[in-house]
Every structure is written in structure tokens, then in C-alpha cells.
Amino acid sequence: MSTIKIAGNLQAQMQAMALDEPMGVIVRHKREAFSAQRVVTDAQVTHSYRLIPATAMRVRPSGIEALSRDQTVEYIWPDLPVHTCLDVSTPRIQAPSVWKAGLRGEGIKIGIVDTGIDPHHTDFEGRLMAMTNLVATTQGLAGGDATDDNGHGTHVASIAAGTGAASGGKYQGVAPAASLYVAKVLDANGGGTMSGVMAGVEWAVDQGVHVINLSLGSTGPCDGTDALSTLCDQAVQQHGTVICVAAGNAGPSDSTVGSPGCARWVITIGAVDDADKVTDFSSRGPTSDGRVKPDLVFPGAGIVAAQANGTALGSVVAPGYVELSGTSMATPHATGSVALLLQAQPGLTPNQIRWTLLTTALGLGESLNVQGSGRGNVYAAYQKILSETPPDGTEPPEPGSPGTQPQPRDGCLPQIRRLFRSQ
């Protein structure tokens, strides 16, 4: 067995297995030179990826050992479980000011990789462009629709791009005219696998989306070299897709950001409450390799958005709307903000978007690994891209790095009502 090719946490899982039973792994290999069945005849392949040369499969520990000895295999990760990140709003990040400039996300494609969506909710009417169900695929099956049987994905999509039509416009999302592309990768309980999420990200990239929302994650800490983080970084670097990821809800302890929030090129989002105080549940950095995370914080406490029909998640505040808290709710505020900025300047790269959001964030007086650069302000970001061309370096800017210093606290905007909560 070549242990150098097997992730340390996977080696621990193999040693803990009482029987030689199949387990989920993700194998990185040489492109076009790998065949799982050639090495392990009973391997059950669940997905093959194009963004990175990798294959997800279920295989026995003895098969993992055989794979590690194969010359075409480069590395083997465990297929770890992922889950939703559950635990004021658009006016506080000044989205209505951007709307007044004529920008509502028209022509921008948002990918929601989550528990699916309620396709019949009027807040999404005419803007659901494509849907796919990848939960069954991760179990070796095919088919099924992407209807949300949990409620989380519908809520997240509503924050990013809901029109608020069912509430007379009261509960309107950040980019209410953006197009939606929805991949169901989490089941009715809000659980799934890294391999399934990877398939969802790859599907969204294939659809040509401009920004992907990942309000999900695994347990931290991590260093960004796991399979899901690796694929997300590839989507950003090689395909120019912006990816916004929830930091997680394992705070207030340090080093609690999980995958893919620890990926180097994604924009990782923590949560603040009504008073712009970072919530206790919001996960903190640093990553296990010492990088600052999260990158930014957005409103994520008591957010009211669309409810999926037939689901019981959250507290009902009005017909068709529920209240939820978590970095899951903060992240689509960032995703919708990215959509507005890309409509204003379609040629912006992920690095330029990230730099603009970091340099215009409102500093909250917390450490970088609690707040990142501070609370996002989409109108300030919009004004900045109109006045200057953002730099586009070869490395993603980190919170607090030169040129991304957060604004002082006394620059705080007046307290105004959040749109997603009952008023």
C-alpha cells in the first residue's frame, strides 16, 4: 500500500473499519489513463469529473490499497458527508440603491447547489432555467426531479434572487431578476456527500452560470486540499466562475471553517445579526494551513425568505415564507451581490469581484478570522467598480492584505430594516 497517496483521514477510516465493507472515496488520477474496474473489479463508480481528473466510487479498503499501488492513481480522498449550514437584510447591504441604478441581476446566471427548489413558488416564476437531481446519482441511481423536499434550497434561492411576488414584493431577494440553475445534491434531511456536491458544481459550470451558491459544508478545520475544495478552486481559476460558500455554523471556536469554505479561491461568508455583530454560530478561521477565513460576513440571523411547499423547516411568518438563521442565509446575500456587480461590469473576473467586495466591506472591529474584511456592502462595491478598474492578481486577495483593509467602524450606515424579516 502506498500510504502517501491516501489522505490521512481516509487511512484512519480504513483502520477503523471492522469489516472489509465498501466505502466512498474520490480518486484523483491521470487524465484518460484510469479505469477503476481494471484495478478493482467490484468498484462501484458513482461519478466521473471533468473539472479535475477524478472519479467517485464505492470500494472496499482492500480495493483502496490496490488503487494506491496503481501508477495511474495520484491521490485518494474520503467521500466525506456534507450538510446544510443552518443555524437587516437587503437594505442593510444597500441592494435597493443598486436597483435604483437599473440593476436587478438581469442576464446573470446563478447556480444554487443545495436541496433543490420549489418550482411552483411564484417568487421564481419564469426564471428557473434548468434543474437536475444528483442525490440519486451519488447512490448509483439515475433520474428524479429537483423538487425541494427539505426547504433549505428554496430559502437560499429566495435570498439570492427571489422576487417576493407572493408577498407583494416585501420579501425580495438581492438580485430578483437573475436566472436560476438548480442542482439538488442534498436529501430531505439536508445531508449529502462531497462527491454529490462536486457533481453539482460541475453541472452548474457546464450550464455556464456566472456565480454558484454553496450554503453547505463539512466539519472543519481543513486546509483546502480536499476533493471538493480542489474542484471548486478549479472552477474559479480555469472557468471564471465565482463561488460563494458558507463558512459553517460551528462557532465561536477558532479553526471551525470546513470544506469547501477553506478553499483558496472561493469567497467564504460568515454571518452577522441585526446589530452587525458576528453571530456566535458563525464559524471562525484560520484554516489549518494558516489562511484567514471567512472573507466577509453578511446578514444571517432571522432571515425571512421563501418556503418550499410541504416542508416544515423554519418558523412560518407569512404564507409561503419562513424565518431561518445561519451562514447558509448569509451566503446568498453575497451571491446576489455578485450577480448585481457582474451585471454592472460583465467582464469582471472572480479575483476582481472578490477584491471589490473586500475593499468596500464595513469593518466591525473584530479580528480578521472572525469578520474577514467586514460586512459586505453591495452599493459601495458597485460605486467602486464604476470609479476604478479592480486589480486582477495571480493569487486571491485575503482579508486584511494590502489594498483590502476594512473600513473603520465609524463609517457605519444608519440602522435600517431588513427585508427578509417580518416588519
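The values are calculated or read from the model by the stated rules, or taken from the named source; none is laboratory data. On a predicted model such as this, the values are computed, not experimentally measured, just so you know. Please note: Cβ atoms are built from the backbone with ideal geometry, for glycine as well, and neighbour counts cover all protein chains shown.
Within segment 316-364, the set of residues being in a helix (DSSP H, G or I), over 15 Å from GLY151 (Cβ atoms) and of a type in the set (Gly, Ala, Ser) comprises ALA330, ALA334, GLY336, SER337, ALA339, ALA344. Scanning segment 10-38 for residues that are in contact with a strand residue (DSSP E or B) (Cβ under 6 Å, 6 or more places away or on another chain) and under 18 Å from LEU228 (Cα atoms) turns up LEU10, GLY24, VAL25, ILE26, VAL27, ARG28, HIS29.
What helices (runs of 4 or more DSSP H) lie completely within segment 1-83 and have 1 or more residues being under 31 Å from the mean Cα position of the chain (by Cα), surrounded by fewer than 18 Cβ atoms within 10 Å (Cβ to Cβ) and not assigned by TED's automatic domain parsing to the domain that holds CYS232? Can you show your working first?
Working: elements: 8-16, 36-39, 61-69.
The helices (runs of 4 or more DSSP H) meeting that bar are 8-16.
One residue alone among ALA175, ALA199, ALA227, ALA166 is within 20 Å of LEU313 (Cα to Cα) and touching a strand residue (DSSP E or B) at 6+ places or on another chain (Cβ under 9 Å), and that residue is ALA166. Of the strands (runs of 3 or more DSSP E) entirely within segment 98-211, those holding at least 3 residues that are at pLDDT 95 or above and more than 26 Å from PRO81 (Cβ to Cβ) occupy 128-133.
Of all residues assigned to segment 278-296, none qualifies as being closer than 18 Å to GLY190 by Cβ and in contact with a helix residue (DSSP H, G or I) (Cβ under 6 Å, 6 or more places away or on another chain). Put simply, of PRO397, PRO391 the only residue that is modelled with pLDDT under 95, assigned by TED's automatic domain parsing to the domain that holds ALA318 and within 22 Å of the chain's Cα centre (by Cα) is PRO397.
Select, from VAL201, VAL156, VAL209, the only residue that is touching a Leu at 6+ places or on another chain (Cβ under 8 Å) and either in the same structural domain as ARG92 (by TED's automatic domain parsing) or among the β-branched types (Val, Ile, Thr) (or both).
On the way: VAL156 fails: touching a Leu at 6+ places or on another chain (Cβ under 8 Å); VAL209 fails: touching a Leu at 6+ places or on another chain (Cβ under 8 Å).
After ruling out the rest, the residue left standing is VAL201.
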